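For reference, the structure is listed below as C-alpha cells.
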Amino acid sequence: MRNGLREHIEYIQTEIGFSGSILVNQRGQVIANGSYGYANRADKIENETRTRFGIASGCKIFTAVAICQLVEEGKLSFDAKLKECLDTPFPKFDENITVHHLLTHTSGIPDYFDEEIMDDFEELWIQKPMYHMRRLQDFLPLFHQAEMKFSPGEKFHYNNAGFIVLGLIIEKVSGLEFKDYVQKHIFEKAEMTDSGYFALDSLPERTAIGYIEQEGGTWKTNMYSLPIQGGSDGGAFVTVEDMLKFWDALVNHVLLSKSLTKELLTPHVQEEADDFYGYGVWIKKKGDTIYKYHLMGYDPGVSFHSAYYPEMDAQLAVCANISSGAYKIMNEIEKKFS
C-alpha cells in the first residue's frame, strides 16, 4: 500500500484543495502522512502534523466512552431511564427513554439542530448568540420542552441533543464538568497530550482556524458559526497523532475493560444495508465481517474522518479546517487498502 500512496494523496489534495492533516498507520508503522494548506490564512501559518483541528461530531465517541466508564464503575447502567439520571424537567419526553437509546440515536427526543427542518447550522445562533453557548445546560432551551419525534427504540435518527443529555448525565454522576471529565479520564489515559475542548475565543497555539469558502473564492472564519465552547455532542480539538493514540488506547483496553469495549463497538442499530451504529461510533460491515469502526464530523469550517480497520490492523485520521474534503481523502486511501 505504501508504494505510490503519498503521490496519490498529493494528487487528490491538489485536485480538491484539501487543507488539513493526514496520518495512516498499519501494524504500528506510518504508511502515509502529510499536512496541507494553512492553519491561519491571514498570517500564512501552515498546517503541520501537530496542528490541532476541530472534529465536530467526531468526538461523540468520547462521550460514549465516558458513559461506559461510569457503567464499568457501577455508577450507571445502560438501562437506566432518563428520569432516573437527571432532575432536569423534560415535560414532553417519553418516560421510557434509557441511556442506551440516547447512545444509539434511537431515543426519539427532538434535536436542537434537525436536518429535516434546517439546512444551515448558523440559523441556530440568530435568536441565541453562539457566544453564550459555553456549558451543556445552555443548549437545553433549544429542545427540552419540544415534542418527541417518535417512540424510544422505534428507529435510528441521528441526534445531537441526545448527546447533550448524555453529557449532563456524565456531569451529574461524576461530579465533574464534562470537558474536565474527558480530559482526566480519556485524553490523559490515552496520552492525547494535544487534545482538548478549547473555547473559540481562547484557542491555544498550533490550533487551526476553521474556514468557510465564500462566493468568488474568498474565505471567512467559522468563529461566528459554531458554539463558542464544544461539549458532549461535538467540538473537541485533536491532532491526527492523538486520534491514532485514541484508537490504540480503545482497542487495547486502556480506557475500558474488554467487555465494555465490546459493548461500545457492538453494532446496536442498523442505519443502512451495511452501516451500523454502536455507542458513539459508526460501524461498516462487508458481509458478516466488520470492515471498519468509523468516526466523522462536519461543521462549517470543519471536516473530519477517522477509522480503525480491524482486519488490516490499520488506523486513519484525516482532519481538515475547511467544510469538506476529509471524506474524499479517506475514500481514496481506502481504495489502496483493497
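Listing for the model above:
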item: Cross-link pairs beyond the 19 Å C-alpha cut-off, checked among Lys155/Lys292; Lys75/Lys172; Lys245/Lys335; result: Lys155/Lys292; Lys245/Lys335
item: Out-of-range pairs (alpha-carbon distance over 23 Å; input Lys179/Lys262; Lys81/Lys285; Lys149/Lys328; Lys179/Lys328; Lys262/Lys286); result: Lys179/Lys262; Lys81/Lys285; Lys149/Lys328; Lys179/Lys328
item: Derived scalar couplings ³J(HN,Hα) [segment 259-274; Karplus, 6.51 cos²θ - 1.76 cosθ + 1.60; whole Hz; x for Gly, Pro]; result: 5, 6, 4, 4, 4, 4, 8, 6, x, 7, 9, 9, 9, 9, 3, 10
item: Stokes-Einstein diffusion coefficient of segment 5-337, Kirkwood radius over Cα pairs, 37 °C, 0.692 mPa s, in µm²/s; result: 163
item: Ordering of 60-72, 144-156 by packing [mean C-beta count within 10 Å, highest first]; result: 60-72, 144-156
item: Per-pair calculated FRET efficiency, R0 = 25 Å: Met148 and Glu272 via Cβ, rounded to 0.05; result: 0.60
item: Theoretical ellipticity at 222 nm over the chain - DSSP helices of four or more residues, -39500 (n - 2.57) apiece, nearest 500; result: -7000 deg cm²/dmol
item: Cβ-placed point charges (K, R +1; D, E -1), dipole of segment 5-337 about Cα centre in debye, nearest 20; result: 680
item: Sorted peptide list for 159-165, 314-320, 44-50, criterion being average Cβ within 10 angstrom, highest first; result: 314-320, 159-165, 44-50
item: The chain - share of DSSP beta bridges that are antiparallel (%, nearest 5); result: 95
item: Which of Asp274, Asp248 has the fewest Cβ neighbours within 10 Å, and the rest in rising order; result: Asp274, Asp248
item: Most to least packed among 193-201, 229-237 [average Cβ atoms within 10 Å]; result: 229-237, 193-201
item: Dipole axis of segment 5-337 (+1 Lys, Arg; -1 Asp, Glu on Cβ), positive-most option in Val71, Gln13, His144; result: Val71
item: Exposure proxy order (Cβ contacts within 10 Å, fewest to most) of Arg134, Arg27; result: Arg27, Arg134
item: Sequence of Tyr112, Tyr279 once ranked by neighbouring C-beta atoms within 10 Å, starting from the fewest; result: Tyr112, Tyr279
item: Residues Tyr158 and Ala42, FRET efficiency given R0 of 35 Å [Cβ-Cβ distance, rounded to 0.05]; result: 0.50
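Rule-based calculations on the coordinates, nothing more; no lab input. Just so we're clear, the structure is a prediction, and the values are computed from it rather than from any experiment. Cβ sites come from the backbone with ideal geometry, for glycine too, and all protein chains shown count toward neighbours.
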